[in-house]
Ligand code: NDP
Ligand code: 8X3
């Protein structure tokens, strides 16, 4: 499917996979709405993707955990943007890796409020316009953590299992509406993900990616673009994307 001139919303565009998706879509000359809490980063990215050829780029400093703010954001979007052609549901995070009995409930709430409720809120805000128009595509960034669990992954894995279930359920809900639903589910991608998970401990975060080549955010963006460019009769429902050195959440082949 030709993407030039289409409207694409990317949540979590200030970093990592979301920023790479914004660049990948800009390369196809789509217009972009970029959403994240760190607006300054979005403004820098906006200048970059405009220079790449995006005809229109709008940035919104938005916390997807804030229900009223998400509703106000959607209501304030310029009219054509209330029914984007593609929504990349990417904003998300892990906090901590403690066993459940030692876990921090504040971390749990942040993951649940962002990965589960934030994703629901943004989808609920933009889907009615897509359904009314009879076309659109929701592409969610799930995770290998939505297919398996690993030590200390408890709540994060729970949120990503929710995302996997929601992707399947939305596929049923939206059947016959012309709106496609896809999930791209990566293994380890080197982004700010581990820095956030380990509360800013850069040494610990760096060790996660030592001794093997993890996925790069651009690899995931390419998979998202693949989903978005299938002809209208084709829908990628779920795509699992792993580094070649990773066989499961806990099996990673490290050199040295
Ligand atoms: P990054 O930390 O680099 O990016 C996360 C993005 O989410 C940032 O742009 C951040 O922006 C945004 N975000 C976080 N919380 C909120 C919020 N409350 N409101 C709005 N935006 C928010 O990590 P990744 O790029 O790796 O993560 C992107 C997605 O990919 C996540 O859903 C993650 O679970 C998933 N994933 C990551 C993998 C990995 O190994 N890296 C593997 C599998 C899936 P800001 O802080 O400015 O709000
Ligand atoms: C992020 C990848 O393996 O840390 O979703 O869960 S993992």
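Values for this structure:
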item: Shape call, region 74-241: gyration tensor on alpha carbons, a/c limit 1.5; result: prolate
item: For 31, 14, 123, order by how many other beta-carbon atoms lie within 10 Å, fewest first; result: 123, 31, 14
item: Cα long-axis angle, helix 67-76 against the chain (0 to 90 degrees, to the nearest 10); result: 30 degrees
item: Candidates 11, 177, 159: whichever shows maximal mean-square fluctuation once the chain is modelled as a Gaussian network with Cα springs under 10 Å; result: 177
item: Residue-span extension gain [residue 226 to residue 106] - 0.36 nm each, minus C-alpha spacing; result: 39.6 nm
item: Estimated distance in nm for a label pair at residue 241 and residue 133, the labels positioned 7 Å out from Cα along Cα-to-Cβ; result: 2.3 nm
item: C-alpha long axis of helix 217-228 to longest principal axis of the chain, angle in °; result: 40 degrees
item: For the chain, built as a Gaussian network whose Cα springs stay under 10 Å, the top-fluctuating residue of 66, 104, 203; result: 203
item: GNM flexibility winner over the chain from 222, 102, 43 (Cα, springs under 10 Å); result: 102
item: Cα-based helix-to-principal-axis angle, 119-133 vs the chain, degrees rounded to 10; result: 30 degrees
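FYI, it's all coordinate maths here, none of it is from the lab. All of these numbers come straight from a predicted model, not from anything done at the bench. Here Cβ is always computed from backbone atoms with ideal geometry, including for glycine, and neighbour counts include all displayed protein chains.
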